[in-house]
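See structure below.
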Amino acid sequence: FVSLYSFIICIYFFVYVVLFFFFLIIIFFFIMFFFFFFQAEDGIRDAQESRGLGDVYKRQLRQCLGAQRRGFGNAAAGWATFLDLPPRSITMISDLTRKEITEVLATAADLKANPAKYANVMDRKTLIMLFQKPSLRTRVSFEVGMNQMGGSAINYPIDAGAPLGKKETIADTGKVLSRYCDAIMARLNDRKEIWELGEAASVPVINGLDDFAHPCQMLADMQTILEQRGTLEGLKMAFLGDIVNNVTYDLMRSACIMGFHINVSGPAGERYEVEQEVIDECNALASIPGAGSFYITHDPREAIAGADVVYCDSWMSYGIPDNELKIRKQTFMPYQVNDELMELTAPDSFFMNCLPAARGMEQTASVIDGPKSVVFDQAENRLHAQKALLVKLVK
């Protein structure tokens, strides 16, 4: 009888212990459920602040851009993010939030000041670099950056002998490269190709330039401005020249995200107008409290008056046929940055060009080679900013 009683007591004790731990597990799951629910909701608001709304935002959300830290927008997706984090791809500067850009720029400054500290962060990591367009700064800065951080980079030209999306789909290329490498950098002609690559890859994809955005250049530009001014907020920038341009578009996005103002000035006419999709995105970005702003004008003097930063880019971007040089020079010459226009800027203003530059075209030699020019600081900072972006993305 005593033995039977003891056995029953033991059974009751065992059941109570099991139930106790079962309820603890249930409570834990409820806590995690609500944690990821609210984290995901914050993530969507964060994404709206950084990217704006509309088709661009929906596409980026489908790609799970930003999901690595923010979740998808519902609790179930939050759990999926917790269990299997998707890759983070950067196809335009608005794929990063204001907070994230600030963090990357802080890392870039630290990398520049203390390179030895990051000497092994990319140990046994490989970056594949796809080039459909020619490159100097992008190719060299990424390859040197990976080497300096203990990793390696492979240059893979996309040309007639190895076309992208011909012998196999772009999606298949992304999936295959994801099995070999830790990150993909692609410098392509068409925005849709970089989007497709980013959707298919299971490793981070970085846009090294396309016809719609140039996020790596933006990070280098903002690092350069911070070195010169100490802050981005409240800054007034003027961009003159060809405004149907990947750099122009991402500068507009950057201004709205980071809290500064940009005047964009170029010729009138259907061929020379900023795409409506970019305007819509930037309007949405600018509607967020604390955001920056943009203004489009055909008057270069209005655009440049009082500017803290003056920026221009090539009038003959990659892909523009040489036979258009004469007509484009005539069209854009009123927007050439020269000494007369620079006199209208703020006393401590400085001049930027993402390079390559053509003296006598988008700017005069006296401007780009003058004391206000910081173009080679810009070029150097491609190295540091891209290293910082790799540190953020590659795990």
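Observations on the model:
- Of all residues in the range 224-236, those that are more than 14 Å from residue 261 (Cβ to Cβ) have Cβ atoms under 7 Å from Cβ atoms of residues that are surrounded by fewer than 21 Cβ atoms within 10 Å (Cβ to Cβ), 6 or more apart or on another chain, in 224/374; 224/377; 227/377; 228/374.
- Applying the criterion of at least 2 residues that are open to solvent by less than 10 Å² (accessible area, probe 1.4 Å), touching a residue at least 24 places away in the same chain (Cβ under 8 Å) and among the charged types (D, E, K, R) to the helices (runs of 4 or more DSSP H) found wholly in the range 280-395 leaves 375-393.
- Residues satisfying the stated conditions in the range 124-168, i.e. open to solvent by 70 Å² or more (accessible area, probe 1.4 Å), closer than 29 Å to residue 321 by Cα and either aliphatic (A, V, I, L, M) or in a loop (DSSP other than H, G, I, E, B) (or both): 134, 136, 140, 159, 160, 166, 167, 168
- Look at (1) surrounded by fewer than 24 Cβ atoms within 10 Å (Cβ to Cβ); (2) more than 16 Å from residue 98 (Cα to Cα); (3) touching a residue at least 40 places away in the same chain (Cβ under 8 Å) and you find that residue 270 fails only one, number (3).
The values are calculated or read from the model by the stated rules, or taken from the named source; none is laboratory data. Remember, predicted model here, so these are calculated numbers, not experimental data. Ideal geometry is used to build each Cβ from the backbone, glycine not excepted, and the neighbour counts take in all protein chains shown. What goes into the accessible areas is simple: the full protein's heavy atoms, side chains included, and nothing from ligands, DNA or RNA. Shrake-Rupley method; radii C 1.70, N 1.55, O 1.52, S 1.80 Å.
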